[in-house]
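The values are calculated or read from the model by the stated rules, or taken from the named source; none is laboratory data. Everything quoted here is computed from the prediction, not taken from an experiment. A quick note on method: Cβ atoms are made from the backbone with ideal geometry, for glycine too, and the neighbour counts reach across all protein chains shown.
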Amino acid sequence: MKPKPPAKRTLGRRELIDLPAFGLVGVEAKVDTGAYTSALHCTDIHVETNAEKGPLLRVRLLDPGHPAFDGQPLTFAAFGLRDIRSSNGEVQERYVIRAVVQLFGENFETDFSLSNRSDMRYPVLLGRSLLRQGRFVVDVARRNLSAKAQARRRQAKK
């Protein structure tokens, strides 16, 4: 008998996510089934050469107006460079990192392209590669299903 695949979970069109490696909790993200790679808003994106460690990617997450902004630069030794096609069809070369996103109290490691999303409404975009990995379906009429499920779980434990 074939093992039953894990149940699919439903995400809304917008979700509050956690990015534990960056100390970010409750960051609003847009779920975008049209995007393959997830995206994370960063500024001051540049590569520095370190004699001992090799090339290091330095970025600042979010904007000063965001409640979770701390202004501290983050450094990544493991990163790549990839061509990413935007929603308007334009191809941009962007740095890509792997990071953990937390949904429904579970950790999912996925690729994030780093770009300046200051002209976008949401600092994080969740793409198809993450949605497939977590076996998620999207209900565009709903929002914040992961955060609501977490709150119910916390309430039930009390």
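Before moving on, here are some points about what is shown:
- Search result, residues across the stretch 52-94 that are surrounded by 12 or more Cβ atoms within 10 Å (Cβ to Cβ), of a type in the set (A, V, I, L, M, F, W, C) and either in contact (Cβ under 8 Å) with a residue 24 or more places away in the chain or not in a strand (DSSP E or B) (or both): 57, 59, 61, 62, 68, 69, 74, 79, 84
- Of the numbered criteria (1) over 17 Å from residue 28 (Cα atoms); (2) assigned to a helix (DSSP H, G or I); (3) in contact with a Ser or Thr (Cβ under 6 Å, 6 or more places away or on another chain), the one residue 130 fails is (1).
- The stretch 106-143, residues that are in contact with a Leu (Cβ under 8 Å, 6 or more places away or on another chain), under 22 Å from residue 45 (Cα atoms) and at pLDDT below 90: 117
- For the stretch 44-55, the criterion of a residue being within 17 Å of the chain's Cα centre (by Cα) and modelled with pLDDT of 90 or more is satisfied by at least one position.
- Within the stretch 102-124, the set of residues being aliphatic (A, V, I, L, M) and within 13 Å of residue 63 (Cβ to Cβ) comprises 120, 124.
- When residues of the stretch 37-51 are limited to those that are of a type in the set (Val, Ile, Thr) and in a strand (DSSP E or B), the one surrounded by the fewest Cβ atoms within 10 Å (Cβ to Cβ): 49
- Qualifying residue in the stretch 115-124 (condition: assigned to a strand (DSSP E or B) and under 27 Å from residue 34 (Cα atoms)): yes
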